[in-house]
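Enquirer: Input: one structure, supplied below.
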Amino acid sequence: MTSVAIHWFRQDLRLADNPALSKAVEAGRLLPIYILDDDTAGEARMGGASRWWLHRSLEALDRQLGGKLRLYRGKAEEILPQLVKIYDAQTVSWTRCYEPWRIKRDKTISSRLELAGCRTIRLNGSLLWEPWSIKKQDGTPYKVFTPFYRKGCLQAPAPAMPMAAPHSIAFCAAKANDGALSLGDLGLLSKIGWHDTLEPYWEVSEKGGADCLAQFIDGGLDGYKTGRDFPSLAHISRLSPYLHFGQLSPNQVWHATERLAEDQGVPAADIDHFRSELAWREFSYSLLYYNPDLPSVPIQAKFADFEWQSDEALLKAWQSGLTGVPIVDAGMRELWQTGYMHNRVRMIVASFLIKNLRIDWRQGEAWFWDTLVDADLANNAASWQWVAGCGADAAPFFRIFNPVLQAEKFDPEGIYIRTFVPELAKLPNKYLARPWEAPSSTLQEAGVTPGESYPNPVVDLKHSREMALEAYKRLSEG
């Protein structure tokens, strides 16, 4: 085999169930590459937590490839044609991505390579169904999730069965003058070192993704439909970063749930609800595909004139987990410490920022983008617009989460709050979600000094809710 095939890894950092990689292996001696293209990404450039995850992912992938992964930094539309020329490659393959900037760039690259006589292979390996394949009968995209899932996804051809990893790979010999860099040269790790706190929580590799999936299937899926709302329980998958970076494919996850109802007695309702969460990811990509400005422009145009407040002190308190509202602070501290946040708590902290503090949802979106290891342009934007009430199929703006009632309902024993807000650990459950109502003697006995050991609430929940509703009323009347 004399021909050379380049596989350009992007959000498919795995060997198994990677159709584009398998095609490249069949086509010739493989040159596996990754290009850090920050310049083209612009405002969609990866945040800090994602860059840490990418660093560890590339490290693991290179081990799987026997040290053959070549790394580059710069504009992919310049680097790829150069590599094709240097290696006389006849084929370049990649897994399709669906962010607007990537779609535009990839079209340019494909045209340029094919004009130069190089074949390009572009295949789906990141979604169950590509955005343009799920439409209503009239040919328009869905704007409401439930029919998208029930009438669109579940009536579409079933997701493909996962492929095995290539049995063997013949590699192309690397050339010293091809501009490749070391992993450290990519500069993915932050100099401030906060990412060190993430290390104990994650095994960042294809094996780590498979192990995480197996653990969830064995111990988290049974009871998922109701248990997923309780942040101290094990009924969450934590698969989102592995799906985003492609250590797992969605097909692998979908088919891992096949026959569980028959073989292991897992309730069908739990399996369906989990699969609907996978479908929400698909819906988010559909929204982004048909609304390329989703991360910055509300789908409901009237929200462009909403009366947001600009208050750096309040924003900083929220980011730091120092709002004085325990469930909000617990969520924000979980995020900072682990690069992750429980989904129910994500909705609570987002509602608090948008509606109690009345800070623009895009400020929250930006913070999540920088601090989540599963930061995903489609999911992040669609979910923030959903909470803000300005997106497609959005929760109405007047649906305002009460963080106290949410904590008391979904963290009744205070396990989650005590884990991430340890200064309140000795408060009795009765006051844990609302320490400002605790008698002085109770606070003293628990070692809590309001305003010192733990902050007073930055806003009055009832008053701030009323102000948010007034602002929404003015918007609706306008």
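Enquirer: Hey, could you check the range 102-127 for residues that are β-branched (V, I, T) and in a helix (DSSP H, G or I) and say which is surrounded by the most Cβ atoms within 10 Å (Cβ to Cβ)? Give the derivation first.
Expert: Going through the range 102-127, the residues β-branched (V, I, T) turn out to be 103, 108-109, 120-121.
Retained after the next criterion (residues that are in a helix (DSSP H, G or I)): 103, 108-109.
On the way: I103: 14, T108: 12, I109: 22.
If we take residues in the range 102-127 being β-branched (V, I, T) and in a helix (DSSP H, G or I), then I109 is surrounded by the most Cβ atoms within 10 Å (Cβ to Cβ).
Enquirer: Output the residue which, of all residues in the range 409-428 that are over 27 Å from the mean Cα position of the chain (by Cα) and surrounded by 15 or more Cβ atoms within 10 Å (Cβ to Cβ), is farthest from L322 (Cα to Cα).
Expert: L427
Enquirer: Against the condition within 16 Å of W384 (Cα to Cα) and among the aliphatic types (A, V, I, L, M), how does V253 come out, does it pass?
Expert: Details: within 16 Å of W384 (Cα to Cα): no; among the aliphatic types (A, V, I, L, M): yes.
Against the criterion (within 16 Å of W384 (Cα to Cα) and among the aliphatic types (A, V, I, L, M)), V253 does not qualify.
Enquirer: Considering only residues that are among the β-branched types (V, I, T), touching a Lys or Arg at 6+ places or on another chain (Cβ under 8 Å) and over 17 Å from A330 (Cβ atoms), which ones fall in the range 428-464?
Expert: Step one: filter the range 428-464 for residues among the β-branched types (V, I, T), giving 442, 448-449, 458-459.
From what's left, touching a Lys or Arg at 6+ places or on another chain (Cβ under 8 Å): 448.
Once the filter is applied, which keeps residues that are among the β-branched types (V, I, T), touching a Lys or Arg at 6+ places or on another chain (Cβ under 8 Å) and over 17 Å from A330 (Cβ atoms), the range 428-464 yields nothing.
Enquirer: From L71, L154, L83, L65, grab the single residue that is at pLDDT 95 or above and touching an Asp or Glu at 6+ places or on another chain (Cβ under 7 Å). Before the answer, list the steps.
Expert: Values: L71 fails: touching an Asp or Glu at 6+ places or on another chain (Cβ under 7 Å); L154 fails: touching an Asp or Glu at 6+ places or on another chain (Cβ under 7 Å); L65 fails: touching an Asp or Glu at 6+ places or on another chain (Cβ under 7 Å).
Exactly one of L71, L154, L83, L65 is at pLDDT 95 or above and touching an Asp or Glu at 6+ places or on another chain (Cβ under 7 Å), namely L83.
Enquirer: Residues in the range 269-284: is at least one touching a helix residue (DSSP H, G or I) at 6+ places or on another chain (Cβ under 8 Å), of a type in the set (K, R) and touching a residue at least 40 places away in the same chain (Cβ under 8 Å)?
Expert: Yes - at least one qualifying residue is present in the range 269-284.
Enquirer: Working only within the range 307-325, note down all residues that are buried (at least 20 other Cβ atoms within 10 Å of the Cβ) and either without any contact (Cβ under 8 Å) to a residue 40 or more places away in the chain or not small (G, A, S) (or both). Outline the logic, then answer.
Expert: Filtering the range 307-325 for residues buried (at least 20 other Cβ atoms within 10 Å of the Cβ) gives 317-318, 321, 323, 325.
Selection gives W318, T323, V325.
Enquirer: Would the range 233-253 turn up any residue that is touching a Cys at 6+ places or on another chain (Cβ under 9 Å) and at positive phi?
Expert: There is at least one residue in the range 233-253 that is touching a Cys at 6+ places or on another chain (Cβ under 9 Å) and at positive phi.
Enquirer: Additional query: From the list A381, A366, which one is surrounded by 23 or more Cβ atoms within 10 Å (Cβ to Cβ) and modelled with pLDDT of 95 or more?
Expert: Values: A366 fails: surrounded by 23 or more Cβ atoms within 10 Å (Cβ to Cβ).
Residue meeting the stated conditions: A381.
Quick grid of which residues meet (1) buried (at least 16 other Cβ atoms within 10 Å of the Cβ); (2) acidic (D, E); (3) not in a helix (DSSP H, G or I):
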position: W129; (1), (2), (3): yes, no, yes
position: P141; (1), (2), (3): yes, no, yes
position: T146; (1), (2), (3): no, no, no
position: Q155; (1), (2), (3): no, no, yes
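Enquirer: Of all the helices (runs of 4 or more DSSP H) wholly in the range 219-329, which have at least 3 residues that are closer than 24 Å to W369 by Cβ and at pLDDT 95 or above?
Expert: Details: elements: 224-227, 240-245, 250-256, 260-263, 268-290, 312-320.
Result: 240-245, 268-290, 312-320.
Enquirer: Scan the range 33-62 and report the pairs whose first residue is farther than 18 Å from D185 by Cβ and in contact (Cβ under 8 Å) with a residue 12 or more places away in the chain and whose second residue is surrounded by fewer than 21 Cβ atoms within 10 Å (Cβ to Cβ) and of a type in the set (K, R), with Cβ atoms within less than 6 Å and a gap of 6+ or a chain change.
Expert: Taking only residues 6 or more apart or on different chains, the pairs are T40/K75; T40/R105.
Enquirer: Return yes when R51 is under 30 Å from G193 (Cβ atoms), under 28 Å from the mean Cα position of the chain (by Cα), surrounded by fewer than 20 Cβ atoms within 10 Å (Cβ to Cβ) and modelled with pLDDT of 95 or more and no when it is not.
Expert: Working: under 30 Å from G193 (Cβ atoms): yes; under 28 Å from the mean Cα position of the chain (by Cα): yes; surrounded by fewer than 20 Cβ atoms within 10 Å (Cβ to Cβ): no; modelled with pLDDT of 95 or more: yes.
In short, no.
To keep it simple, each residue is scored yes or no on (1) more than 25 Å from L71 (Cβ to Cβ); (2) out of contact with any helix residue (DSSP H, G or I) (no Cβ under 6 Å at 6 or more places or on another chain); (3) surrounded by fewer than 16 Cβ atoms within 10 Å (Cβ to Cβ); (4) of a type in the set (S, T, Y).
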site	(1), (2), (3), (4)
S182	no, yes, yes, yes
L189	no, no, no, no
P200	yes, yes, yes, no
V204	no, no, no, no
G220	yes, yes, no, no
D229	yes, no, no, no
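Enquirer: Which residue pairs have Cβ atoms closer than 8 Å, lie 6 or more positions apart in sequence or on different chains, and pair a first residue in the range 423-435 that is farther than 17 Å from L461 by Cβ with a second residue that is among the polar types (S, T, N, Q) and assigned to a helix (DSSP H, G or I)?
Expert: L427/T442; P428/T442
The values are calculated or read from the model by the stated rules, or taken from the named source; none is laboratory data. Remember, predicted model here, so these are calculated numbers, not experimental data. Please note: Cβ atoms are built from the backbone with ideal geometry, for glycine as well, and neighbour counts cover all protein chains shown.
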